[in-house]
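Quick notes on the structure that follows.
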Amino acid sequence: MKVIYSEKHCLHNPPKEFELGRFVPYKECTGRVDSILSSLRARNLGEIVAPNDYGLGPIAAVHSKEFIAYLQNAYEEWVKVGGNPEGVFPDVSAVRDFANLRKWKQNPPQRNFPYSRDGGPLGRPGYYCFDMTGVIAEGTFQAAYEAAQVALTGAELLIEEKAHGIFALCRPPGHHAQRDLCGGYCFFNNAAIAVRHLIHVLKVGRVAIIDIDYHHGNGTQEIFYENSNPLYVSLHGALDYPFYWGAEDEVGENEGAGFNVNVPLKMGTQDKEYIEALQTIIDTRVKEYNPQIVVVSLGVDTYANDPIGGFFLTTPAYIQIGRALSSLRCPTLFVMEGGYAVEEIGDNVTNVLQGFEN
Ligand code: Q9C
Ligand code: ZN
């Protein structure tokens, strides 16, 4: 399986995140990718190629221009107002009403909000970020831009080469990033950008996203909430981070009604239950949708020793997860998301990809 990878992910390397009121080492670290690359190489998974550059256009098709401009300028602006040079940490929150945001957008107040009222240099961090892990450091914009190009290149090669599987080794990850919000270690939504490109530029009829990261992909859900293409399916830890999204009754709206499928699983879920839940949703909702392309948001923070995930999957289970995904017999783009057990992340990811191939 071909792997798309850029060393520019290293440009994003914030030293710290804020967790439970303490600064702790940033868990979405560059070492995650070293671990993945060394497993891929050790098992000879496939050729590792650099991404092409598709520019900002496909990113701007998913994210607002104000948000993109914010990410581009945030670090410099932050340092200029005296912010910590280690990275941007909002010290205010815009308290956007997430549950009602969609309705609010349909019927906005009669003023030029939010764009002229996003709070300026000190308010913007709280307006465009929903937590304390979306830390914008010096090279974050470049790295996030590059991660989106990695995903786009994967989408292009999947079609062009009529491949069965492609692995886009994205870092930073993307599935928590909404149209105009970063957070959860995510800045640009790599999977959503690739999916939009597949549908609107490469003219794929139906795409299904299967999000197997431990956390609910609030960003991907939000971006496609009113669309019937793609289908979005997420298996995730119930009632865990990102807390305000991921319930079963979030099914999509308008044209998208019925095309957002949340499968929350209880904390402590183990191999057998997890694989059954995955195979069941594949055999029902995904097969009924009959996708022409599948995009997998591949997180392995479902692993037992993951420092933040609440499931107990073992390393061999990831082979079975790969097999379950291959049972669709559909060309599949794997987009890297979370997984923070740095030692084992490489073997877990490679197991999914090898399970898929065999
Ligand atoms: N104590 C992804 O997996 N912190 N993002 C959770 C845990 C944020 C995860 C707090 C987790 C973000 C892509
Ligand atoms: Zn995650």
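By the Cα gyration tensor, the chain has an equivalent ellipsoid whose semi-axes, rounded to whole angstrom, run 29, 23, 20 from largest to smallest. Radius of gyration over Kirkwood radius for the range 1-89, both on Cα atoms: the Rg/Rh ratio is 1.05. If you take the Cα centroid of the range 319-358 and the Cα centroid of the range 177-212, the two points sit 18 Å apart.
How big is D for the range 175-232, in µm² s⁻¹ as a whole number, if Stokes-Einstein is applied with the Kirkwood radius of its Cα pairs at 10 °C and 1.306 mPa s? In µm²/s, the coefficient is 138. Looking only at S327, S234, S35, which one moves most when the chain is put into a Gaussian network model with springs between Cα atoms under 10 Å? Top of the fluctuation ranking is S327.
By the Cα gyration tensor, the range 220-358 has an equivalent ellipsoid whose semi-axes, rounded to whole angstrom, run 24, 18, 13 from largest to smallest.
Highest mean packing first, where packing is the average number of other Cβ atoms within 10 Å per residue, the peptides 304-310, 272-278 line up as 304-310, 272-278.
Hydrophobic, long helices, defined as DSSP H runs whose alpha-carbon span along the helix axis is 27 Å or greater and whose mean Kyte-Doolittle value is at least -1.0, occur in the chain at 140-160. Helical runs (DSSP H, four residues minimum) scored at -39500 (n - 2.57) apiece and divided by the length of the chain put the mean residue ellipticity at 222 nm at -10500 deg cm²/dmol.
Looking at the chain, what % of its DSSP beta bridges pair antiparallel, to the nearest 5? Antiparallel: roughly 20 percent of the beta bridges in the chain.
Using only alpha carbon pairs under 8 Å that are at least six residues apart, calculate the relative contact order of the chain and give it in whole percent.
Relative CO of the chain lands at 19 percent.
Distances between every pair of Cα atoms in the range 18-63, grouped in 10 Å steps from 0 to the bin holding the largest one, split as 19, 24, 32, 24, 1 percent.
If you take the C-alpha gyration tensor of the range 122-164, multiply each eigenvalue by 5 and take the square root, what semi-axes do you get, largest first, in whole Å?
Semi-axes, largest first: 32, 11, 8 Å.
For the chain, modelled as a GNM whose springs connect Cα atoms under 10 angstrom apart, the maximal fluctuation among R323, R41, R22 occurs at R22.
Where a number appears in this text, it was derived from the coordinates with a stated rule and is not lab data. None of these values were measured; they are calculated from a predicted model. No Cβ is skipped: glycine too gets one built from the backbone with ideal geometry, and neighbour counts run over all protein chains shown.
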